[in-house]
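One structure below.
Only the coordinates and a few stated rules stand behind these numbers; no lab work does. For clarity, every value in this text was computed on a predicted model and none was experimentally measured. As a convention, Cβ positions derive from the backbone with ideal geometry for all residues, glycine included, and neighbour counts pool all protein chains shown.
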Amino acid sequence: MSRIASKFAALKAAGRGALVTYLQGYDPDGATSLAILRGLPGAGADLIEVGVPFTDPMADGPSIQRAAQRALKAGASLPGVLALVRDFRRDDDTTPIILMGYYNPILAFGVDSFCTEAAASGVDGLIVVDVPPEEADEIEPQAKAAGLDLIRLVAPTTDDERLPRVLAATSGFVYYVSITGITGTRSASAASLEAAIPRIRQHTGLPIAIGFGIRTPMQAAEAAKLADGAVVGTALVDTLAASLNEDGTARSETVRLVLDQVRALAEAVHAG
């Protein structure tokens, strides 16, 4: 059983939802990013998404776009993000790590080599935002051969005809994009989520995590109650950004502020 499947199974057995956190790798620099990464499990993160910085993050809102720019300025690269994961794995062999990003850096790296090295580095799953199920052959065979889960995005606009096709190409968990649009710009209503999640469950037994627009502990708890987990990204990125010096460098309190926010989110999710 993969780390992702094991984690969701353990949480289900405990009657708890999952807190999935997202931060951009190398934001604002490699050392600070690694310090936050290492602190996330202790703060209550159950699964960790690491963003791979890219120059054209078309699914992401302004906050994550700026995070990518800071990371690239700090020297971020796909090999560098894999090195972050390897460093994290020296102390933690149980927390699932998912890389979230775009296909261009993977293609430039080489799909076969990337999947092999990602798995060897300790990555458990991939979310490749701009590779739809119709183009799954671009990476799915290589990911499967390497033992990597390929996590798909399901949106409010994914109709009943297309939904089974999307889910058939999904493993690990289903990422439900709760809004139409880019990350961090608005939040979905509880009523819309209450209607959406049962429709997805009709087609899959995989866990479902709700993301895009989950910002507060209350929203995260509600999302994890309706589904199996809540993904919080932009809110954490905003906290990190607000803690930085004017030149975009980390302050002494940057790591603590992000982890304190994760603790508050985790308390709400796990209590719910």
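Quick look at the numbers
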| quantity | calculated |
| --- | --- |
| Any chance residue 256 is among the basic types (Lys, Arg), touching a Ser or Thr at 6+ places or on another chain (Cβ under 8 Å) and free of Cβ contacts under 8 Å to residues at least 24 places away in the same chain | no |
| Segments classed as helices (runs of 4 or more DSSP H), wholly inside region 19-104, with at least 3 members that are in contact with a strand residue (DSSP E or B) (Cβ under 9 Å, 6 or more places away or on another chain) and either polar (S, T, N, Q) or more than 27 Å from residue 267 (Cβ to Cβ) (or both) | 62-73, 78-89 |
| Enumeration of residues in region 48-60 that are under 15 Å from the mean Cα position of the chain (by Cα) and not hydrophobic (A, V, I, L, M, F, W, C) | 49, 51, 53, 57, 60 |
| Test for residue 18: is it small (Gly, Ala, Ser) and closer than 25 Å to residue 250 by Cα | no |
| Unique residue being assigned to a loop (DSSP other than H, G, I, E, B) and either surrounded by 19 or more Cβ atoms within 10 Å (Cβ to Cβ) or in contact (Cβ under 8 Å) with a residue 60 or more places away in the chain (or both) when the list is 248, 205 | 248 |
| Subset tally (residues that are loosely packed, with under 15 Cβ neighbours inside 10 Å and either in a strand (DSSP E or B) or of a type outside the set (A, V, I, L, M) (or both)) for region 163-174 | 1 |
| Residue within region 42-64 that is polar (S, T, N, Q), touching a residue at least 24 places away in the same chain (Cβ under 8 Å) and either within 22 Å of residue 256 (Cβ to Cβ) or surrounded by fewer than 17 Cβ atoms within 10 Å (Cβ to Cβ) (or both) present | yes |
